[in-house]
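Below you'll find the structure, written out as structure tokens, and then a few comments.
The values are calculated or read from the model by the stated rules, or taken from the named source; none is laboratory data. Model, not experiment: these values are computed from the prediction. Don't worry about glycine lacking a Cβ; one is built from the backbone with ideal geometry, like all the others, and counts go over all protein chains shown. The area values use the complete protein model at the heavy-atom level, side chains included, leaving out ligands, DNA and RNA. Shrake-Rupley method; radii C 1.70, N 1.55, O 1.52, S 1.80 Å.
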Amino acid sequence: MRHPKIIIAGIAVAAVAAAGGVTAASAGSSPASSVPSAGPGAAAATVRTGPAAVAGKTETVLVNARGLPLYFYRPDTATKSFVTGGLARLWPPLTSATTTAAGMSGKLTVLNDANGRQVAYNGHLLYTFASEQAGQVTGQGVQNFFVATPGIAPIAGSPAGTGPAAPAGGGLGY
């Protein structure tokens, strides 16, 4: 099956519809082109750790309830998402009215922003990559998105504390 290419910031990316929803708040089937917002009756977003192949090496990363790796966008702040429009269709925000954490020492919060009630870990707003599957990290470093890890330092100005917004080292959020 051929997937159409979308050009964003000069980068060609395959557009793939995600069946079964791409955010923790959507339980039904929804295409990647829609960014559902969490309503009052939405289920809690589950964020946990899981193994994923990152640059050929197995790493422990943050994943959603479906096992999809979670990313943060470097230009975001603790109070504002810069992921909207076409970018949000390729990088759907993790949205939910409430959150549940498993196996992490960082702080999960929910921020009301342009994407609805978006989930953040240590102040970093979280996203999935529309063309990924569980255990697969293919968006690392693409369009300024980086995989979120349990040890990611709190972003400055977040309720989780202060710290650098950008990952140290290899960009894996350590």
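Accessible surface area normalised per residue over the range 60-169 is 36 Å², counting heavy atoms of protein chains with a 1.4 Å rolling probe. A simple rule links phi to the HN-Hα coupling: the Karplus curve 6.51 cos²θ - 1.76 cosθ + 1.60 with θ = phi - 60°, which for the range 131-141 gives 9, 9, 10, 4, x, 10, 10, 10, x, 4, x Hz, with x for Gly and Pro.
Stretch ARG74-ALA53 to full length: gain in nm at 0.36 nm per residue minus the Cα-Cα span? Display every interim value, and only then the final one.
Numbers: separation 21, 0.36 × 21 = 7.56 nm, distance 2.09 nm.
Additional length available on full extension: 5.5 nm.
Among 150-157, 92-99, 118-125, 52-59, the peptide with the highest mean count of other Cβ atoms within 10 Å heads the list, and the full ranking is 118-125, 92-99, 150-157, 52-59.
Site pair VAL142 and PHE82 shows an inter-label distance of 2.0 nm when each label is modelled 7 Å from Cα along Cα→Cβ. Scanning residues 5 or more positions from VAL54 or on other chains, those with amide H under 5 Å from its amide H are GLU59, with H placed 1.01 Å from N in the peptide plane.
Taking N as the number of residues in the range 57-149, what is its Cα Rg relative to 2.2 N^0.38 Å? Provide the component values of the computation, followed by the final result.
On the way: Rg = 12.1 Å, N = 93, 2.2 N^0.38 = 12.3 Å.
It is 0.98.
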